[in-house]
1. Give the residues of the stretch 49-70 that are in contact with a helix residue (DSSP H, G or I) (Cβ under 8 Å, 6 or more places away or on another chain) and loosely packed, with under 14 Cβ neighbours inside 10 Å, sorted by residue number.
2. Exactly one of (1) modelled with pLDDT under 90; (2) surrounded by 14 or more Cβ atoms within 10 Å (Cβ to Cβ); (3) in a helix (DSSP H, G or I) is unmet by residue 236. Its number?
3. Which numbered condition in (1) buried (at least 20 other Cβ atoms within 10 Å of the Cβ); (2) at pLDDT below 95; (3) under 19 Å from residue 83 (Cα atoms) is the only one that residue 14 fails?
4. When residues of the stretch 255-298 are filtered for being part of a helix (DSSP H, G or I), touching a helix residue (DSSP H, G or I) at 6+ places or on another chain (Cβ under 8 Å) and closer than 20 Å to residue 208 by Cβ, how many remain?
5. Identify, please: which residue in the stretch 136-195 is within 18 Å of the chain's Cα centre (by Cα) and outside any helix (DSSP H, G or I) and is, among those, surrounded by the fewest Cβ atoms within 10 Å (Cβ to Cβ)?
6. Please determine whether any residue of the stretch 34-48 is touching a residue at least 24 places away in the same chain (Cβ under 8 Å), in contact with a helix residue (DSSP H, G or I) (Cβ under 6 Å, 6 or more places away or on another chain) and within 21 Å of residue 161 (Cβ to Cβ).
7. Show me the helices (runs of 4 or more DSSP H) entirely contained within the stretch 1-89 in which 1 or more residues are closer than 17 Å to residue 105 by Cβ.
């Protein structure tokens, strides 16, 4: 058994993750841990654990991950594994709602990546720090982190991760009313989406586009993005995206004066996600609420 078998499994897991096949990705990365141990490569086993933990987080199952990730961060002899552990811990704490700890570990991942000249992890850490700042409405800090992340991303070949950062930066610029930057970043995102398959990241990217269009007062473009999200999510397990897509479509329709169709989407939103609030559809149809919503501040 050679090390190449480990990398073959790694590619399978990464491909499954990109296309939203989370159960398959989780199983493959678990198998990859066993494969790495069989060929006596503990550093690769640590990396595989971090990849497995990242999939668990995508499935909203953070239970028990912190101990394993903390062990790797403190004890692994593999620098790449320690970077991945710090970054995945940051995402774990973000999932748990602890933004302070998330920011701490995101910063640590960035520093470890800088020491190893690992641009992708540096960029991912800065992107995460930007998201954390957005969640706290610290827009200038978010913009600075996202700009630095994008500078690193664009030194490499265009990737889905670069598109995520471009779209997020465009949304942040819109919230700051930096319309020139927002226009350019939106156009870039649209252009790349037409050329680059983005897998399970596509709904989130399109939602960011849609909410940015709402900030610009372009309800028709926002509506197009929301409807596309509802289509592209077919077969994907993405309840959070479904929730925001329903809101986006309903709000865009309401802004156009199509209140009956807007109410239809708001009713689906309420019955699916907020059954305890039967008054919600009428409220959302009668009051324009998008100005108070930071969709990435969830």
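1. Of everything in the stretch 49-70, those that are in contact with a helix residue (DSSP H, G or I) (Cβ under 8 Å, 6 or more places away or on another chain) and loosely packed, with under 14 Cβ neighbours inside 10 Å turn out to be 59, 60.
2. Result: residue 236 fails condition (3) only.
3. It is condition (1) that residue 14 fails.
4. Final tally of qualifying residues: 8.
5. In this case the residue turns out to be 137.
6. yes
7. 42-58, 65-75
Conditions tested, residue by residue: (1) surrounded by fewer than 18 Cβ atoms within 10 Å (Cβ to Cβ); (2) at pLDDT below 95; (3) over 27 Å from the mean Cα position of the chain (by Cα); (4) more than 27 Å from residue 170 (Cα to Cα).
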site	(1), (2), (3), (4)
265	no, no, no, no
279	yes, no, yes, yes
286	yes, yes, yes, yes
292	yes, yes, no, no
298	yes, yes, no, no
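The values are calculated or read from the model by the stated rules, or taken from the named source; none is laboratory data. It should be emphasised that the depicted structure is a prediction, and the values quoted were computed from it without experimental measurement. Every residue, glycine as well, gets a Cβ built from its backbone with ideal geometry; the counts of neighbours run over all protein chains shown.
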